[in-house]
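Laboratory data are not the source of any read-out in this text; all were calculated from the coordinates shown. Bear in mind that the values here come from a model prediction, so they are computed numbers and not experimental data. When we count neighbours, we look across all protein chains shown, and the Cβ atoms used for this are built from the backbone with ideal geometry, even at glycine.
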Amino acid sequence: MCGEKVFNNNTEEMPKFHCHDYYEVYYLFSGKVRYLVDDNLFDINSGDIVLVKRNKLHMTKKAQTIYGENIKLYISESTMDSLGVNSDKFKECFE
């Protein structure tokens, strides 16, 4: 089940974590962002792709002053299942 929580540090408050009932493919065209998935922090640069499993708590935050242009693709469970015999292999990419 999805939920929200707030991540705080000594210098600033980060936005709330969120989750959703679909898979997310996040592609960063330009710039830099910090991507949090559960308790893991990743520095993402232009050209990077992030795959987020459904119902996984996550959020992005700009890295210093550089943000970036991105695109997010959302894939429903039924769309994944429609891939037939390859659906389990594709879902493994989100683990």
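Some values worked out for this structure:
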read-out: Highest to lowest packing among 88-95, 19-26, 70-77, 46-53, scored as the average C-beta count within 10 Å; value: 19-26, 46-53, 70-77, 88-95
read-out: Lysines whose Cα lies under 27 Å from that of LYS91, excluding same-chain neighbours fewer than 8 positions away; value: LYS5, LYS16, LYS32, LYS53, LYS56, LYS61, LYS72
read-out: Difference of contour (0.36 nm per residue) and Cα-Cα distance, ASP38 to GLU77; value: 12.0 nm
read-out: 12 Å tail of the calculated P(r), region 41-95, as % of Cα pairs; value: 73
read-out: Estimated distance in nm for a label pair at GLU95 and LYS62, the labels positioned 7 Å out from Cα along Cα-to-Cβ; value: 3.7
read-out: Virtual spin-label span in nm between ASN55 and VAL85, 7 Å along Cα→Cβ; value: 2.9
